[in-house]
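The values are calculated or read from the model by the stated rules, or taken from the named source; none is laboratory data. Small disclaimer: the values here were computed from a predicted structure and weren't measured. When we count neighbours, we look across all protein chains shown, and the Cβ atoms used for this are built from the backbone with ideal geometry, even at glycine. In case anyone asks, the SASA skips ligands and DNA or RNA and just uses the protein heavy atoms, side chains included. Shrake-Rupley method; radii C 1.70, N 1.55, O 1.52, S 1.80 Å.
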Amino acid sequence: MPTRLASLVIDATDPAAAAQFWYIMLGGTATPGRGGCHRLVAPDLGGCGLDLVFVPQRWDKAVKNRIHLDLATESPHEYQVLTSLAADVGAVEVNVGQGPGVPWTVFRDPAGNEFCILEPGDLYHHTGPLAALVVDAEDPTRLATFWSAATGWPLLHTEENSAALRASERSGPWIEFLRVPDPRRGPHRIRLTLAATDDEADTSTLITQGASHHDGVFHDPEGNEFRVVPARVPT
């Protein structure tokens, strides 16, 4: 399919501060854009070509996001350093029901969006600092199948409660879909952007694959918002 994953759009009360925070956590180049947006260009994300775009928030955060970032570490020492760094530059540790003893720590970034720092594990070797984009799903396999077709990332893992895509079998971050029983509530503050080479044909193909399009907004099969922009236009 000619669409490709181009960027992750993140609502923030202060896009400049959010971009600076994630520059510290991931690297790259933080640059201002139009309309108060800020972009983190080319962070070291395993060559997957994903930018992070921070935009002025459209509404206050009321529920846990259905998409969040997981950050990888390669040693217990790095895990301790990264969790301390996150707190030092404005993140707040939170409990979202994860329970005791899990091999990760949950934070909210300065914009209030959740992310996790993972203890070292074999699955996330060679991902770069971003281990995964994690998506809550009612039907992980169905949603992963749609996004595999939309992004061109192959579906490398599927079981009853989870499914995962990766641009390369050997390197780069994952997109993980985890079964979460809570249905989608309200609009998202984190959403994906696809770049398309042929607007009309690509839109038709996405709808055939299970997307919907109304009021100028695309939704995936579970109602998650996403954008489609021409490949020649900044995402």
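Name every residue in region 87-106 that is closer than 14 Å to GLU119 by Cα and among the hydrophobic types (A, V, I, L, M, F, W, C), in order of residue number.
Residues satisfying the conditions are VAL102, TRP104, VAL106.
For residues in region 1-36 being aliphatic (A, V, I, L, M) and assigned to a helix (DSSP H, G or I), which is nearest to VAL53 (Cα to Cα)? Reasoning before the result, please.
The initial filter retains those residues of region 1-36 that are aliphatic (A, V, I, L, M), namely 1, 5-6, 8-10, 12, 16-19, 24-26, 30.
In the following step, the residues that additionally are assigned to a helix (DSSP H, G or I) were identified as 16-19, 24-26.
Details: ALA16: 10, ALA17: 12, ALA18: 10, ALA19: 8, ILE24: 15, MET25: 15, LEU26: 13 Å.
The qualifying residue nearest to VAL53 (Cα to Cα) is ALA19.
For region 196-212, how many residues meet the condition of being of a type outside the set (S, T, N, Q) and modelled with pLDDT of 90 or more? Break it down stepwise before answering.
Of the residues in region 196-212, the ones of a type outside the set (S, T, N, Q) are 196, 198-202, 206-207, 210-211.
If we keep only those that are modelled with pLDDT of 90 or more too, we end up with 206-207, 210-211.
Final tally of qualifying residues: 4.
Show the residue pairs meeting these rules: Cβ distance below 6 Å; 6+ apart or different chains; first residue within region 131-158 and touching a residue at least 40 places away in the same chain (Cβ under 8 Å); second residue part of a strand (DSSP E or B) and aromatic (Phe, Trp, Tyr).
ALA132/TRP174; VAL135/PHE177; ALA137/PHE177; LEU143/PHE177
With a cut-off of at least 1 residues that are open to solvent by less than 60 Å² (accessible area, probe 1.4 Å), closer than 27 Å to LYS61 by Cα and among the β-branched types (Val, Ile, Thr), name the strands (runs of 3 or more DSSP E) lying wholly within region 120-235. Walk me through it before giving the result.
Values: elements: 130-137, 155-159, 162-166, 174-179, 190-196, 212-214, 217-219, 225-230.
Correct list: 130-137, 174-179, 190-196, 217-219, 225-230.
Determine the pairs where a residue that is part of a helix (DSSP H, G or I), located within region 52-81, has a partner that is open to solvent by less than 60 Å² (accessible area, probe 1.4 Å) and among the aliphatic types (A, V, I, L, M) with Cβ atoms under 8 Å apart, the partner being 6 or more residues away or on another chain.
Here the result reads TYR79/ILE117; TYR79/LEU118, each pair linking region 52-81 to a residue that is open to solvent by less than 60 Å² (accessible area, probe 1.4 Å) and among the aliphatic types (A, V, I, L, M).
Considering only residues of region 55-102 that are buried (at least 16 other Cβ atoms within 10 Å of the Cβ), under 19 Å from the mean Cα position of the chain (by Cα) and β-branched (Val, Ile, Thr), which is nearest to ILE24 (Cα to Cα)?
Here the answer is THR73.
All but one of (1) within 30 Å of GLY210 (Cα to Cα); (2) within 14 Å of the chain's Cα centre (by Cα) hold for ASP139; which doesn't?
Unmet condition: (2).
Search region 91-107 for residues being at pLDDT below 95 and not hydrophobic (A, V, I, L, M, F, W, C), and hand back the single one that is nearest to LEU165 (Cα to Cα).
The qualifying residue nearest to LEU165 (Cα to Cα) is PRO103.
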